[in-house]
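Heads up, the thing below is written out as structure tokens.
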Amino acid sequence: MKKPMSEMAPVDSHTLAKMICAAVLIAIYSIGYSNEIYKYKDQDGNWVFTDKQPESEQQAQTIQIKSTQQQLAQPEAFAQQVGNNNVLGVKNPLSAPIEVEVSSPVFANQSHRQTIPALSTANLYQGKSAIPSFSFRWIIGDPQAQQDNHRYRLPLPANGSYQISQTFNGRFSHRQQPSQFAVDFAMPVGTDIQAAREGRVILVTDNYSFGGKDEYFLNKANYVMVLHADGTYGIYAHILPGSAYVKPGDNIAAGQRLARSGSSGYSSGPHLHFAVLKNTGFKTVSVPFSFVDSNGKSFSPSAGMELTGR
């Protein structure tokens, strides 16, 4: 008889909210939601979107956001009886390895950590002891993965020139992990975004329509996440709603179109936020990397650079 998990923490949600401005909200069925937000102009004439009702003297428009989309199954822990044994296991339906921690009295140290490969199920405990209530948390990435010296293509199209508006340790939002080693490219809405490295698509969210600098938007960016051969993964964030060309599980080549640029989530204007991330043991961090230009020359990104893809 299968018993559902007693508790599950999201995939390091506080960290990921800051990192990609998008919570990994996934379920095994279609989800419909409706949010009410307020739109008004501040004293500088800039549009503000917020879920908090503004002061009465401010003229605000009320906007209803409705969406329905098919979401992926999320990792789950389970307890079940198999023959005469009790089994405590974890199922990982994602196209990337995950690190899990399950806490239960059946483990000598009261908790057990393990890496579960992509698209697999692992039994963490099997024995005669009854399995009481347990808790479970997970995070994307193998903590043993070692970053290689890969040189990344520019995630830009060949037509046009695009400026780096913020890079490593940037002044606006790249001062701490997990965005410390991220790069922002200013680009018009609808610009094609190309894969900086080959890999497998892990997650895609492209159903959120708004953006702004209010904290309301911290977990509402659209993005594509791609697993690399060395166990790191790239994040391409703030993409235009409905613009993803790929889906989870797709194997993609460097230079392949992923989505189009936008300004969804916590954003001051249209741009692409790109970072290379890894799990260091229940902590997601960005890691420094270098780009390679069309002449094969490596360079480190710096703010103000005008660049063209290939």
Check your understanding: What tally of residues in the stretch 291-309 results from selecting those that are exposed (fewer than 15 other Cβ atoms within 10 Å of the Cβ) and part of a strand (DSSP E or B)?
Key -> 3
Exercise for review: Of all residues in the stretch 127-143, count the ones that are within 22 Å of GLN74 (Cα to Cα) and polar (S, T, N, Q).
Suggested key: 2
Practice item. Have a look at SER263, SER243, SER286 and point out the one that is more than 14 Å from ARG197 (Cβ to Cβ), touching a Gly at 6+ places or on another chain (Cβ under 6 Å) and not basic (Lys, Arg). Key: SER263
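Quick one: which of ASN207, ASN222 is farther than 30 Å from SER111 by Cα and surrounded by fewer than 19 Cβ atoms within 10 Å (Cβ to Cβ)? Spell out how you get there, then give the answer.
Values: ASN222 fails: surrounded by fewer than 19 Cβ atoms within 10 Å (Cβ to Cβ).
Every option except ASN207 fails the conditions.
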Check your understanding: Quick check: anything in the stretch 88-111 farther than 23 Å from TYR223 by Cβ, free of Cβ contacts under 8 Å to residues at least 24 places away in the same chain and not in a loop (DSSP other than H, G, I, E, B)?
Key -> yes
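For every residue, the table says whether it meets (1) modelled with pLDDT of 90 or more; (2) under 19 Å from the mean Cα position of the chain (by Cα); (3) surrounded by fewer than 18 Cβ atoms within 10 Å (Cβ to Cβ); (4) in the same structural domain as SER267 (by TED's automatic domain parsing).
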{"position": "ILE139", "(1), (2), (3), (4)": "yes, yes, no, no"}
{"position": "GLN144", "(1), (2), (3), (4)": "yes, no, yes, no"}
{"position": "LEU156", "(1), (2), (3), (4)": "yes, no, no, yes"}
{"position": "ASN159", "(1), (2), (3), (4)": "no, no, yes, yes"}
{"position": "TYR162", "(1), (2), (3), (4)": "yes, no, no, yes"}
{"position": "THR167", "(1), (2), (3), (4)": "no, yes, no, yes"}
{"position": "ARG175", "(1), (2), (3), (4)": "no, yes, yes, yes"}
{"position": "VAL183", "(1), (2), (3), (4)": "yes, yes, no, yes"}
{"position": "ALA186", "(1), (2), (3), (4)": "yes, no, yes, yes"}
**Study point:** Residue that is nearest to the chain's Cα centre (by Cα) [pool: residues in the stretch 246-290 that are surrounded by 19 or more Cβ atoms within 10 Å (Cβ to Cβ) and of a type in the set (Phe, Trp, Tyr)]
**Key:** PHE274
Review point. When you look at GLN126, is it touching a strand residue (DSSP E or B) at 6+ places or on another chain (Cβ under 9 Å) and either loosely packed, with under 13 Cβ neighbours inside 10 Å or in a strand (DSSP E or B) (or both), yes or no?
Key: yes
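The values are calculated or read from the model by the stated rules, or taken from the named source; none is laboratory data. Since this is a predicted model, take the numbers as computed values, not measurements. Cβ coordinates were reconstructed from backbone atoms using ideal geometry, including for glycine residues, and neighbour counts include every protein chain displayed.
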